[in-house]
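Nothing in this text is a laboratory measurement; each read-out follows from the coordinates by a stated rule. Everything quoted here is computed from the prediction, not taken from an experiment. With ideal geometry, Cβ positions are generated from the backbone for all residues, glycine too; neighbour counts draw on all protein chains shown.
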Amino acid sequence: MTLPSAYASVILELAIHKTLDYRIPDALQGMVCRGSRVMVPVRGTPRVGYVFELKDKAEVSRVMPISELLSPEPLLTPELFELAVWMASYYCTPLATVLKTLLPSSVRGKAKEKQQLYVMRAKTRDQLADICRQLRAKSPAQASVLDVMLQVRRGMLLTELLEEAETSQAPIDALVKKGLLAIDIVRIDRSPLVNEDYIKTKPKRLSPDQQAAHDKIVQAIEDKRFEVHLLHGVTGSGKTEVYLQAIEKALDKGLGSIVLVPEIALTAQTIERFRSRFDDDIAVLHHRLSHGERHDEWHRIQRGEASIVIGARSAIFCPVPKLGLVIVDEEHENSYKQSELTPSYHARDVAVMRGKISNCPVILGSATPSLESYHNAVTGKYTLSVLHSRADAAAIPKITVVNMAADRERGGGGTFSQALLDGIAQRHKVGEQVILFLNRRGYHTTLLCQVCSSVVECPHCDVALTFHKDERTLCCHLCGHTVSPPPSLCPTCRKANTMKFRGVGTQQVEKAIHAIFPDIRTIRVDADTTKHKGSHQKLLREFGSGKADVLIGTQMIAKGLHFPQVTLVGVLNSDGALNIPDFRASETVFQLITQVAGRSGRGAIAGEVMIQTMMPDNRVIQLASQQDYNAFFAEEIEVRKLFGYPPFTQMAKVLFTGATEALVAQEAERYRQQLVALLPSTFEVNPVLPAGYAKIKDQFRLQFLVRGPKGFVLSRAIEELRKQHQTVKEVRVSVDINPISTYF
C-alpha cells in the first residue's frame with residue numbers, strides 16, 4: 001500500500017520563480033494532486049498557487065500547511081500541466097505566468113454559473129383555473145399570476161413572470177406557500193450559440209484528394225497516434241469538409257476535438273458550418289465573450305458536455321477530457337502568435353506539442369502554409385496532403401495584375417484603376433457582389449506639411465496620425481491619442497495653410513465608391529465599424545444575405561469567408577507591406593493576396609481578381625497572381641537558407657521598453673553582452689537597434705535579435721541570464737521566441 005504524500009511543492013501566482021514546500025493537512029489527504037489550485041500562507045498573507053508535485057520530504061525544516069483547496073477537481077489536467085512545463089522552458093517564461101495564461105481569469109476568479117429562479121405549476125391546469133376564479137376578487141395580484149401561469153407550457157423564469165403579471169414577488173411567494181406554484185433554481189446557458197439558427201447538414205461526398213487526406217488522418221485517430229498532417233489546399237478546396245468528417249470519426253470513438261481558427265475568421269458563418277453538422281456538442285471560445293460566458297463555456301468543456309471546441313488561439317488550452325484530434329485552420333495566420341504578452345507562444349506550435357502529449361493527430365490546414373510548416377512537410381517531419389482543385393467543380397478565379405503607374409499615365413485616377421471600375425459596374429448590372437480589400441483603415445493615412453514635409457505624428461508613439469473623417473479627428477492607432485480638429489498650422493515650421501492629407505484608407509474608399517456609383521450599397525468592415533460585440537458577424541451576415549453590393553474591408557475580410565455571389569475581388573494596394581524591412585515581408589504579402597483572392601468565384605459563377613500595384617514585375621506579386629505556392633516556396637526557402645533565417649535557425653527577439661531612452665539603451669547593451677558570454681559561438685547576436693515602432697505610449701523600445709542552431713541552448717542561456725541579470729525596475733525585458741516580425 002502506497003502511503004499518501006505529506007508535502008506539496010507549490011507555484012505561486014506571484015513574481016516568485018521557484019516552488020515553495022507546504023504540508024498537506026490530514027483533512028486534505030488524498031484530495032490534493034498535481035495541478036490542484038490551493039491557498040497557502042506567504043509571510044502571513046494568503047496567496048493562490050498550484051501544486052507542482054507531491055513529495056515525501058520537504059526542502060526546509062519549518063513547513064506551513066496548505067490553508068485551503070480552492071477547487072475539488074484540479075483545474076489543470078496532467079496533460080495540460082505537462083504542456084505548461086514545456087511552454088515555460090521553451091518560451092523562457094516563469095511557470096506561474098504560463099499557468100495564468102492556461103487558465104482564463106474568469107476561471108481563476110470568482111465568476112459563478114449564472115442561475116435564475118424558474119416558476120412551475122404545482123397543480124393541474126384545471127385545479128389552478130378553479131382557484132384562480134376564487135382569488136379574482138380578494139387577491140387580484142395572485143389571480144393575475146395564475147392567469148399567466150395557466151398559459152405557459154410548463155413554467156417560466158421568475159423575472160419573466162414578474163414582467164408578464166405586472167406584479168411584485170409577494171403574490172408569487174404566497175402562491176408557493178399555498179402549494180399552488182413551485183420554484184426551482186436553474187442554470188442559465190450563456191453559450192454564444194444559444195438562439196442561433198442553423199440548418200442541419202449531412203457529410204458530403206469527398207473528392208479523391210479529400211478522401212486520401214481523410215483516410216490518413218482517420219487512421220491516426222483510430223491508432224491514437226500523434227502525427228502532424230499538413231493539409232495544403234487551394235482556397236475553396238474543401239478543407240473544412242475534411243475537418244468535419246475527421247471530427248465525426250473522433251466523436252464515434254468517444255474523443256473530443258479542438259478546432260483553432262484565426263480570431264478574425266471566427267464568425268457566425270464559420271461556427272454555423274460546424275454546428276449544422278454537430279448540433280449542440282460545440283463550445284465556442286474567443287476574446288469577445290463576456291467574463292461569464294467564458295466561465296460557462298470552459299466548465300461545460302471540463303464536464304464533457306461539449307466534445308468539440310472552436311476558438312481562437314487560447315482555445316488550445318481548454319480542458320477537453322479525452323482529446324482525440326487538434327485542428328489549426330489557416331495555420332499560417334499571424335493572429336495565432338501572442339507577441340504583446342509573455343509567454344510569446346504560437347498556438348500552432350503549442351497545438352503540435354499538445355497533440356504529442358495527448359497522443360493524437362494534429363491537422364494544420366492552409367492554402368498558403370507558413371514556410372516553417374511546409375518545410376517540415378517536404379522534409380518528412382509532417383505528413384503532407386494536397387487538395388489540388390476547388391470543391392463542387394468551382395473554378396479558380398482569373399487573376400489580373402493592374403499596373404497602376406501605367407494606368408495613371410493614361411489619365412486614371414488614384415485609388416481605382418479603370419479596369420476595376422469597369423468590373424464593379426459590370427457586376428452591379430447583373431446583381432453580383434464585389435469585395436474591395438485595403439489594409440488601411442481611416443480616411444487619410446497622414447497629414448503633412450507641403451513646405452517642410454513633416455508629418456503630424458502622435459506625441460506618445462513613433463507613428464503618424466490617421467485622419468477619420470466622420471469624427472473630424474486625427475487618431476493614433478497604437479495608443480488612441482486624438483487631435484481634433486486637425487491643425488491648419490504646421491506644428492514644425494509654424495506656417496499656415498500648408499497642411500495636406502495623403503494616403504487612402506477604407507473610409508475614403510467607401511466615400512469614393514458612393515460618389516462614382518450612387519446606386520451601389522456598401523458595407524465597410526474594419527476596426528472602426530466592429531467595435532461593438534457581435535458587429536463583425538452582423539455586418540458579414542448582412543452582406544451574405546444580399547443587403548449590400550460591395551464589401552470594403554481590411555484583413556478582417558481576407559480569410560475564412562464564403563460568399564457564393566462574390567465574383568470580383570479588388571486588391572487596392574498590394575505593395576505597402578513589401579517595403580517593410582522584415583524577413584517575413586514577402587511571405588506575408590503572398591499569403592494575404594492569395595487568401596483575399598480566394599474569396600472570389602466560390603459559387604457557380606466564375607470569379608475574377610484584380611491586383612492593383614505600382615510594382616507589377618515584383619516576383620512576389622507575380623507568383624501570388626499565378627497562385628503558385630510551390631514556386632514561391634522554392635525561391636523564398638533558398639533566401640531563408642542563405643541568410644540563416646527560420647526554419648534553418650532558431651530565433652529570439654529581446655525587447656527592452658522604458659520611459660528613459662538612455663537607460664533603456666544602457667540596459668539593453670548590458671543584457672546583450674551578458675547573453676553573448678553565455679552562448680556558444682554558433683549563435684549570432686545582432687546589435688541593439690530601435691524597434692520598428694521606436695516609441696509606443698511614451699515607452700521607448702529597443703531590441704536585438706539572436707539566431708542559432710538549437711532552441712533549447714538559447715532558452716537555457718536566457719533562463720540562466722534571468723537568474724544572474726538584475727534588471728533595473730524602470731526597464732522591462734521581454735523575450736519573443738520565434739517572432740512573427742523582426743521589425744515591429
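Worth pointing out:
- Nearest-0.05 FRET efficiency for Gln29 and Ala122, computed from C-beta distance (R0 45 Å): 0.50
- Distance (nanometres) between label positions extended 7 Å along Cα→Cβ at Lys202 and His291: 4.8 nm
- Added length on full extension, which subtracts the Cα-Cα distance from 0.36 nm per residue, Arg619 to Glu73: 190.9 nm
- Share antiparallel - DSSP beta bridges, the chain, percent rounded to 5: 55 percent
- Between Ile605 and Ile516, the FRET efficiency from the beta-carbon distance, with R0 = 22 Å, is close to 0.40.
- Ratio Rg/Rh, restricted to the stretch 115-187 and using Cα atoms, in which Rh is the Kirkwood radius: 0.93
- Selection from Val350, Ile282, Ala367, by position along the positive dipole direction of the stretch 208-391 (Cβ): Val350
- Cα centroid of the stretch 402-479 to Cα centroid of the stretch 124-191, whole Å: 61 Å
- Estimated distance in nm for a label pair at Arg502 and Glu13, the labels positioned 7 Å out from Cα along Cα-to-Cβ: 5.0 nm
- Mean Cβ neighbour count within 10 Å, used as a protection proxy, ranking 727-740, 680-693 highest first: 727-740, 680-693
- Ranked by how many other beta carbons lie within 10 Å on average, peptides 466-479, 295-308 from highest: 295-308, 466-479
- Sorting Tyr743, Tyr243, Tyr7 by the number of Cβ atoms found within 10 Å of their own Cβ, with the fewest placed first, yields Tyr743, Tyr7, Tyr243.
- Compactness of the stretch 7-108, expressed as Rg and Dmax over alpha-carbon positions, Å: 12.8, 38
- Charge dipole of the stretch 650-737 (Cα centre as origin; +1 on each Lys and Arg Cβ, -1 on each Asp and Glu Cβ, all else neutral): 180 debye, rounded to the nearest 20.
- Sorting the segments 21-30, 345-354, 93-102 by their mean number of nearby beta carbons within 10 angstrom, highest to lowest, gives 345-354, 93-102, 21-30.
- The stretch 47-99: trypsin sites (Lys or Arg not before Pro) in DSSP coil with no more than 10 other Cβ atoms inside 10 Å: Lys57, Arg62
- Rg ratio for the chain: its Cα radius of gyration over 2.2 N^0.38 Å, N being its residue count, equals 1.09.
- Förster radius 22 Å - calculated FRET efficiency between Ala634 and Asn334 (Cβ-Cβ, nearest 0.05): 0.45
- Between Asp280 and Asn359, the contour length at 0.36 nm per residue exceeds the alpha carbon distance by 25.8 nm.
- Note on the stretch 208-391: antiparallel DSSP beta bridges, both residues inside, total approximately 5 percent of the bridges counted.
- Cysteines in the chain lacking a second Cys C-beta under 4.7 Å: Cys33, Cys92, Cys132, Cys318, Cys360, Cys475, Cys479
- Note on the chain: with charges restricted to the Cβ of Lys and Arg (+1) and Asp and Glu (-1), its dipole about the Cα centre is near 1060 debye.
- Net length gained if the chain between Val430 and Glu542 were fully extended (0.36 nm per residue, minus Cα distance): 38.4 nm
- Spacing of the two label points (7 Å from each Cα toward its C-beta) at Ala405 and Gln726, in nm: 5.9 nm
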